[in-house]
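Novice: One structure, pasted below without further comment.
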Amino acid sequence: MFNARKLVLAHFWVAFAAFLGAIVLGEWQMFVRSPLAAWVNNPEHYYRSVTAHGTVMAYVLPTLVAMGFGYALSELALKRPLIGLKWAWAGFWLVIAGTAVAAVTMALGKASVLYTFYPPMVGSPFYYIGVVLVVVGSWIWVALMSVNLHAWKKENPGKTVPLAMYGNVAGAYLWAWTSVGAALEILLLILPASLGLVDTINAGLARVFFSWTLHAIVYFWLMPAYIMFYAVVPRAIGGRLYSDTMGRVAFVLFLVFSMPIGIHHLFADPQVGAGFKFVHAAMTAMVSVPTLLTVFTIVASVEIAARLRGGKGLFGWVKALPWDNPMMLAVTFSFIMLGFGGAGGIINMSYQLNETVHNTQWVTGHFHLIFAGAIVIMYFMAAYELWPQLTGCGPLPQKLIKLQLWLWFVGMMVLSMPWHWVGLLGMPRRMAYYDYSHPALAPQAWTVIASTIGGFILVVSAFILVYVLASAHRRPKVTPQAFTFSAPAHPVHHTPPLLNGFALWVAMMIGLTLVNYGFPIYQLASLEHASVPVIPIGSR
């Protein structure tokens, strides 16, 4: 057991408790929009629920998982006690305080602005203050990851930073810079309007600031999943990591390419010039490179595991894979959902094709497959892997874990695939109600019913997850085996300095962001008559 055991447990439990509530809200939204239920007659209740669901899934769950997982990696990979444990607890309580403040505000109906909180709709200042507290708490985690890495490198001059910690710190630096966009939007534009200090707001500038955060946050979400791919999956299935270097390249490429791409969310925004939209579209294509490298490397690592088990032939080795191993199932399901979601993302990033699917249910299907599918299923596996270390329990029930993973995969596919179909037909997203008695909509009613069924399967899977983790606390205590990470197929004798540090990559990340956002921000900030009246949501 490590010193930060209680700290890590606290992060995971709050994350999954919030996740459980949010997924129930998501299923309720699908149910009340479907022909299976009578309409609730109050759209505000629906949008209140959507705001809470999105806020938890986009900010609370991934932030707490990244923080808790990061603290665990710091001790397990560096093999030294966490520096700044009291500061880590302070960051945790800031996140909890921010979550509570935002949750109460949303529950009271004073911030039904959705998790993107686009102006000119402006909610209660307490919602935004809550979000700010969550971000500030996470910045403490960023600082501690940097401090712990620096201390380790000082004690181990010239040694290669363990791959798991390298990816962990890359994710921390990415989040630190990613969150600046939304922070500027809230502090400079939204909070003054929410507090009643101004009556107008520059909505175009606010959207550009948020686009700084909006897409890069996805790669902050996926960093724990990719760390699992590289540092845990090959070991867990009895194989070797094909290339340690490839993992480092993927992590630093995410730093460089994931930031300057967010304006592809504003293709339909007339206030942003076509030139910068094209630049962001091109840069968005580049961010697929580290994902393709990862898919190749992990598939190669899986093949190594199969051949070590006696797999033969060009494809015959697939039969030799440990399909009864939950990790093997999880990485397979994750890659399938990543493939479908990534293919949808290529449509979204296209300057021309985006017009077909913009603001339709296609977009909802895309990001649910990427985040709720490919990424969150690896969050589950991170918890399952760490739980014996955190609780001192024996092996977790493998059959129940496999059932939970199957249900999550099947539920996510049933939920999201109909959204892609009706998105192509033009069904708008974020609509509180559809009148399926209308002849034009009646043929689409089955898709919402199917998504409701898929959502119910996901709720069952989520409850099984929580049951497995909670029941582990009641099991007899045993001494857990030492936690190990994946060993590379070929020993790493020398790591290039550029892949053992972050100075160049962080500089490139900041530089590209300023180049790709600097002029649009300057232009929109300097435009006269660019502000519009504030639309208050709920009571100030």
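The values are calculated or read from the model by the stated rules, or taken from the named source; none is laboratory data. Note that the structure is predicted; figures quoted are calculated from it, not measured. Ideal geometry is used to build each Cβ from the backbone, glycine not excepted, and the neighbour counts take in all protein chains shown.
Novice: When residue 65 is evaluated against the numbered criteria (1) surrounded by 21 or more Cβ atoms within 10 Å (Cβ to Cβ); (2) modelled with pLDDT under 95, which criterion, by number, is the only one it fails?
Specialist: Every condition holds for residue 65 apart from (2).
Novice: On to the next question. Given the conditions (1) surrounded by 16 or more Cβ atoms within 10 Å (Cβ to Cβ); (2) of a type in the set (A, V, I, L, M, F, W, C); (3) without any contact (Cβ under 8 Å) to a residue 24 or more places away in the chain, which single one is not true for residue 504?
Specialist: (1)
Novice: Looking only at segment 428-452, which residues are under 24 Å from the mean Cα position of the chain (by Cα) and either of a type in the set (A, V, I, L, M, F, W, C) or assigned to a helix (DSSP H, G or I) (or both)?
Specialist: Looking only at segment 428-452, we keep the residues that are under 24 Å from the mean Cα position of the chain (by Cα), and these are 428-431, 451-452.
The answer is 431, 451, 452.
Novice: While we're looking at this one, here's another question. Could you say whether any residue in segment 261-281 is over 30 Å from residue 203 (Cβ atoms), at pLDDT 85 or above, buried (at least 21 other Cβ atoms within 10 Å of the Cβ) and out of contact with any Ser or Thr (no Cβ under 8 Å at 6 or more places or on another chain)?
Specialist: No - not one qualifying residue is present in segment 261-281.
Novice: Related question: Determine, yes or no, whether residue 286 is surrounded by 14 or more Cβ atoms within 10 Å (Cβ to Cβ), touching a residue at least 24 places away in the same chain (Cβ under 8 Å) and touching a Leu at 6+ places or on another chain (Cβ under 7 Å).
Specialist: No: the conditions fail for residue 286.
Okay, residues lined up against (1) part of a loop (DSSP other than H, G, I, E, B); (2) basic (Lys, Arg); (3) surrounded by fewer than 19 Cβ atoms within 10 Å (Cβ to Cβ):
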| residue | (1), (2), (3) |
| --- | --- |
| 106 | no, no, no |
| 111 | yes, no, no |
| 135 | no, no, no |
| 147 | no, no, yes |
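Novice: In addition: Among the residues of segment 262-285, are any in contact with a helix residue (DSSP H, G or I) (Cβ under 6 Å, 6 or more places away or on another chain) and at positive phi?
Specialist: Taking every residue of segment 262-285 in turn, none turns out to be in contact with a helix residue (DSSP H, G or I) (Cβ under 6 Å, 6 or more places away or on another chain) and at positive phi.
Every residue, every condition in (1) charged (D, E, K, R); (2) under 22 Å from residue 13 (Cα atoms), yes or no:
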| position | (1), (2) |
| --- | --- |
| 27 | yes, yes |
| 31 | no, no |
| 36 | no, no |
| 43 | no, no |
| 56 | no, yes |
| 61 | no, yes |
| 65 | no, yes |
| 68 | no, yes |
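Novice: Against the conditions (1) in contact (Cβ under 8 Å) with a residue 12 or more places away in the chain; (2) under 24 Å from the mean Cα position of the chain (by Cα), where does residue 484 fall short? Just the number, please.
Specialist: That leaves (2) as the condition not met.
Rundown of residues vs (1) touching a residue at least 24 places away in the same chain (Cβ under 8 Å); (2) over 21 Å from the mean Cα position of the chain (by Cα), yes/no style:
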{"position": "313", "(1), (2)": "no, yes"}
{"position": "323", "(1), (2)": "no, yes"}
{"position": "336", "(1), (2)": "yes, no"}
{"position": "342", "(1), (2)": "yes, no"}
{"position": "349", "(1), (2)": "yes, no"}
{"position": "369", "(1), (2)": "yes, no"}
{"position": "377", "(1), (2)": "yes, no"}
{"position": "391", "(1), (2)": "yes, yes"}
{"position": "398", "(1), (2)": "yes, yes"}
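Novice: Residues of segment 222-261 being within 15 Å of residue 289 (Cβ to Cβ) and among the basic types (Lys, Arg), which ones?
Specialist: 248
Novice: Name the one entry in 56, 65 that is within 22 Å of residue 225 (Cα to Cα), under 20 Å from the mean Cα position of the chain (by Cα) and touching a residue at least 60 places away in the same chain (Cβ under 8 Å).
Specialist: 65
Novice: Right, here's the next one. Are there any pairs, at least 6 apart or on different chains, whose C-beta atoms fall under 8 Å, with the first in segment 190-208 and in contact (Cβ under 8 Å) with a residue 60 or more places away in the chain and the second among the charged types (D, E, K, R), and if so, which?
Specialist: 193/199; 194/540; 195/540; 196/540; 204/269; 206/185; 207/269
Novice: Can you list the helices (runs of 4 or more DSSP H) found entirely within segment 198-293 that contain at least 2 residues being under 15 Å from residue 509 (Cβ atoms) and of a type outside the set (Ser, Thr, Tyr)?
Specialist: 216-231, 244-257, 274-286
Novice: Looking for whichever is more than 17 Å from residue 217 (Cβ to Cβ), part of a helix (DSSP H, G or I) and among the hydrophobic types (A, V, I, L, M, F, W, C) here; the options are 50, 40. Which one fits?
Specialist: Exactly one of 50, 40 is more than 17 Å from residue 217 (Cβ to Cβ), part of a helix (DSSP H, G or I) and among the hydrophobic types (A, V, I, L, M, F, W, C), namely 50.
Novice: Something else: How many residues are in a loop (DSSP other than H, G, I, E, B) and at pLDDT 95 or above if we restrict to segment 161-196?
Specialist: So the answer is 2.
Novice: Report whether or not residue 421 is in a helix (DSSP H, G or I) and either at pLDDT below 95 or surrounded by fewer than 18 Cβ atoms within 10 Å (Cβ to Cβ) (or both).
Specialist: yes
Novice: Can I ask one more? Report, by residue number, each residue of segment 437-463 that is hydroxyl-bearing (Ser, Thr, Tyr) and surrounded by fewer than 18 Cβ atoms within 10 Å (Cβ to Cβ). Lay out the reasoning, then the answer.
Specialist: Initially, segment 437-463 is screened for residues hydroxyl-bearing (Ser, Thr, Tyr), giving 437, 447, 451-452, 461.
Selection gives 437 alone.
Novice: Would you pick out the residues in segment 156-186 that are surrounded by fewer than 24 Cβ atoms within 10 Å (Cβ to Cβ), more than 21 Å from residue 224 (Cα to Cα) and touching a residue at least 40 places away in the same chain (Cβ under 8 Å)?
Specialist: If the condition is that a residue be surrounded by fewer than 24 Cβ atoms within 10 Å (Cβ to Cβ), more than 21 Å from residue 224 (Cα to Cα) and touching a residue at least 40 places away in the same chain (Cβ under 8 Å), then 181, 183, 186 are the ones that fit.
Novice: Can you go through 527, 469 and tell me which one is at pLDDT 90 or above and at negative phi?
Specialist: Just one listed residue meets the conditions, 469.
Novice: Only one of (1) over 26 Å from the mean Cα position of the chain (by Cα); (2) over 30 Å from residue 159 (Cβ atoms); (3) among the hydrophobic types (A, V, I, L, M, F, W, C) is not met by residue 460, so which one is it?
Specialist: With (1) over 26 Å from the mean Cα position of the chain (by Cα); (2) over 30 Å from residue 159 (Cβ atoms); (3) among the hydrophobic types (A, V, I, L, M, F, W, C) applied to residue 460, the lone miss is (1).
Novice: In addition: Being assigned to a helix (DSSP H, G or I), in contact with a helix residue (DSSP H, G or I) (Cβ under 9 Å, 6 or more places away or on another chain), closer than 23 Å to residue 223 by Cα and not hydrophobic (A, V, I, L, M, F, W, C): is that true of residue 130 here?
Specialist: No, not satisfied.
Novice: May I pose another question? Being farther than 18 Å from residue 165 by Cβ and not in a loop (DSSP other than H, G, I, E, B) is the filter here; which residues of segment 461-499 pass it?
Specialist: 461, 462, 463, 464, 465, 466, 467, 468, 469, 470, 471, 472, listed by residue number.
Novice: Could you please find all residues in segment 511-535 being of a type outside the set (Ser, Thr, Tyr), outside any loop (DSSP other than H, G, I, E, B) and buried (at least 16 other Cβ atoms within 10 Å of the Cβ)?
Specialist: Within segment 511-535, 512, 516, 520, 521, 523, 524 meet the criteria.
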